[in-house]
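Asker: This structure is in structure tokens; I'll ask about it shortly.
The values are calculated or read from the model by the stated rules, or taken from the named source; none is laboratory data. As the structure is a computational prediction, the values presented were derived from the model and not from experiment. Methodologically, a virtual Cβ is constructed for each residue, glycine included, from the backbone with ideal geometry; neighbour enumeration extends over all protein chains shown.
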Amino acid sequence: MEIAYLHDSVLTESDLLKFIEKVGPDFYPNLSTRVDLTAYTEKLYKQAVILIILDKVRNKIWGMLAFYCTPKSYEDAFLSFIAIDRTIRSKRLGFALINQMIQHVREAGMSAIETRTWSGNTHMIRLIEGVGFKLTQKAIDSNGRLSMHYRLELDHSLVGSQNNVRN
């Protein structure tokens, strides 16, 4: 298994959709209850930077992270999606994907990464807080769920190092 950029692989938008459908029920709340998975996949495929954990032998996606990184339009990147196949979790693959994203965003010259999740998504909260994301806002969404907004400030003097954040 290795981390690769989706568009550098032979995988298609259809392959991406299959993975998102597979992991959708693992989200809190279930991803398919919040978005049209086909439309969401198409948007990610066309507009996001997508990192995948790929089994090249089987051409299988084991994990995926998608983020928006458009330095000409925005100062900050936005982490939109991260998931690891439940059969191989607890191997720090989420951390590896996030660290690869951080490197990409820093090299693009952006100053921070933002994301949001729901308060019940304890796996995501533990993961992003573990790499240094800080809670910036709490808000109740239209369905009465507590939405948590996070931000990771980047330190550009550390390009190429494993220490990615400002203290």
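Asker: Counting only residues that are assigned to a helix (DSSP H, G or I) and surrounded by fewer than 16 Cβ atoms within 10 Å (Cβ to Cβ), which one in region 76-95 is nearest to the chain's Cα centre (by Cα)?
Answerer: Only one residue fits best here, namely F95.
Asker: Among the residues of region 1-16, write down those that are over 17 Å from L79 (Cβ atoms) and either assigned to a loop (DSSP other than H, G, I, E, B) or touching a residue at least 24 places away in the same chain (Cβ under 8 Å) (or both).
Answerer: M1, E2, A4, H7, S9, V10, L11, T12, E13, D15 - these are the residues of region 1-16 that are over 17 Å from L79 (Cβ atoms) and either assigned to a loop (DSSP other than H, G, I, E, B) or touching a residue at least 24 places away in the same chain (Cβ under 8 Å) (or both).
Asker: Take R126 and decide whether it is among the charged types (D, E, K, R) and either part of a helix (DSSP H, G or I) or at pLDDT 95 or above (or both).
Answerer: yes
Asker: May I ask you to say which residue of I113, I98, I84, I50 is farther than 29 Å from I140 by Cβ and either out of contact with any Ser or Thr (no Cβ under 6 Å at 6 or more places or on another chain) or among the hydroxyl-bearing types (S, T, Y) (or both)?
Answerer: Residue meeting the stated conditions: I50.
Asker: Are there any pairs with C-beta distances below 7 angstrom linking a residue in region 17-40 that is within 16 Å of T117 (Cα to Cα) and in contact (Cβ under 8 Å) with a residue 12 or more places away in the chain to a residue that is of a type in the set (G, A, S) and loosely packed, with under 14 Cβ neighbours inside 10 Å, with the two at least 6 apart or on different chains, and if so which?
Answerer: If the second residue must be of a type in the set (G, A, S) and loosely packed, with under 14 Cβ neighbours inside 10 Å, the pairs left are Y28/G120.
Asker: Can you tell me which of (1) touching a residue at least 24 places away in the same chain (Cβ under 8 Å); (2) polar (S, T, N, Q); (3) within 18 Å of K22 (Cβ to Cβ) is the one N99 doesn't meet?
Answerer: So the condition that N99 fails would be (3).
Asker: I need a count of the residues in region 25-52 that are modelled with pLDDT of 85 or more, in contact with a strand residue (DSSP E or B) (Cβ under 6 Å, 6 or more places away or on another chain) and in a loop (DSSP other than H, G, I, E, B).
Answerer: Summing the residues that are modelled with pLDDT of 85 or more, in contact with a strand residue (DSSP E or B) (Cβ under 6 Å, 6 or more places away or on another chain) and in a loop (DSSP other than H, G, I, E, B) in region 25-52 gives 1.
Asker: So K22 fits all but one of (1) exposed (fewer than 14 other Cβ atoms within 10 Å of the Cβ); (2) outside any helix (DSSP H, G or I); what number is the exception?
Answerer: With respect to (1) exposed (fewer than 14 other Cβ atoms within 10 Å of the Cβ); (2) outside any helix (DSSP H, G or I), K22 is out only on (2).
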